[in-house]
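Colleague: This is the structure I want to talk about, given as structure tokens.
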Amino acid sequence: MGQKIEKTFSVAEPLDKVWTFLSDPRQVAPCVPGASITEQVDDKTYKGAISVKVGPTVTDYRGEVQIERLDSQNHEIEILGKGQDVRGRGSASMKMTGKLRTLPNGDTEVTSVSEISVVGILAQMGGRVI
């Protein structure tokens, strides 16, 4: 099951401050419910875990997040993530691209596009909900 999620929002902070925060998975993970970074492999690769609840089903994934492209000049990032269900009932992968820009009032606009693919029990049970 594949899903595309597009999101745009603004942050009442300057672009450089938002970029520093959002380009560091160790800072972002605590903001995602159920997610954690468990190990930094190198400057672009992190291991982690996430627990996803869809309806009555909870699935725990362990996997890896890798920064594929980090363009500090244009404030663009591309991240790939993949994980396996710890109970062996499926897997998930994600490709996320993000871009920041300064708004006329000085706030920062964040635009992200995520392509998510889920295989296994979560896809069977929660396809319509996701």
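Colleague: Of the residues F21, F9, which single one is more than 28 Å from V119 (Cα to Cα), of a type outside the set (S, T, N, Q) and assigned to a strand (DSSP E or B)? Step through it out loud before you land on a result.
Modeller: Details: F21 fails: assigned to a strand (DSSP E or B).
Just a single option satisfies the conditions, and that option is F9.
Colleague: Quickly run through the range 18-31 and pick out the residues that are open to solvent by 40 Å² or more (accessible area, probe 1.4 Å) and in contact (Cβ under 8 Å) with a residue 40 or more places away in the chain.
Modeller: Result: L22, single match.
Colleague: Which of the numbered conditions does P14 fail, given that it passes all the others? Conditions: (1) open to solvent by 80 Å² or more (accessible area, probe 1.4 Å); (2) of a type outside the set (A, V, I, L, M, F, W, C); (3) touching a residue at least 40 places away in the same chain (Cβ under 8 Å).
Modeller: With (1) open to solvent by 80 Å² or more (accessible area, probe 1.4 Å); (2) of a type outside the set (A, V, I, L, M, F, W, C); (3) touching a residue at least 40 places away in the same chain (Cβ under 8 Å) applied to P14, the lone miss is (1).
Colleague: For the range 47-66, which residues satisfy the criterion of being among the hydrophobic types (A, V, I, L, M, F, W, C) and either touching a residue at least 60 places away in the same chain (Cβ under 8 Å) or not in a strand (DSSP E or B) (or both)?
Modeller: Going through the range 47-66, the residues among the hydrophobic types (A, V, I, L, M, F, W, C) turn out to be 49-50, 52, 54, 58, 65.
Once the filter is applied, which keeps residues that are among the hydrophobic types (A, V, I, L, M, F, W, C) and either touching a residue at least 60 places away in the same chain (Cβ under 8 Å) or not in a strand (DSSP E or B) (or both), the range 47-66 yields V52, V54.
Colleague: Filter the range 40-78 for residues that are open to solvent by 80 Å² or more (accessible area, probe 1.4 Å) and more than 27 Å from L100 (Cβ to Cβ); which is farthest from the chain's Cα centre (by Cα)?
Modeller: Ranking the candidates gives P56 first.
Colleague: Counting only residues that are in contact (Cβ under 8 Å) with a residue 40 or more places away in the chain and assigned to a loop (DSSP other than H, G, I, E, B), which one in the range 67-91 is farthest from K44 (Cα to Cα)? Explain how you work it out, then say what you get.
Modeller: Of the residues in the range 67-91, the ones in contact (Cβ under 8 Å) with a residue 40 or more places away in the chain are 67, 70, 72, 75, 77, 79.
Okay, now just the ones that are also assigned to a loop (DSSP other than H, G, I, E, B), so 72, 75.
Working: S72: 14, H75: 16 Å.
It comes out as H75.
Colleague: Ok, one more. Please give the number of the condition V86 fails out of (1) β-branched (V, I, T); (2) open to solvent by 20 Å² or more (accessible area, probe 1.4 Å); (3) within 20 Å of I5 (Cα to Cα).
Modeller: (3)
Colleague: Out of curiosity, is G34 more than 20 Å from K4 (Cα to Cα), small (G, A, S) and open to solvent by 30 Å² or more (accessible area, probe 1.4 Å)? Write out each step before concluding.
Modeller: Details: more than 20 Å from K4 (Cα to Cα): yes; small (G, A, S): yes; open to solvent by 30 Å² or more (accessible area, probe 1.4 Å): yes.
The answer is yes for G34.
The values are calculated or read from the model by the stated rules, or taken from the named source; none is laboratory data. The model shown is predicted, which means the values in this text are computed figures rather than measured ones. Note that each Cβ is placed from the backbone with ideal geometry, even for glycine, and that neighbours are counted across all protein chains shown. Protein only, heavy atoms only, side chains kept; ligands, DNA and RNA dropped before computing areas. Shrake-Rupley method; radii C 1.70, N 1.55, O 1.52, S 1.80 Å.
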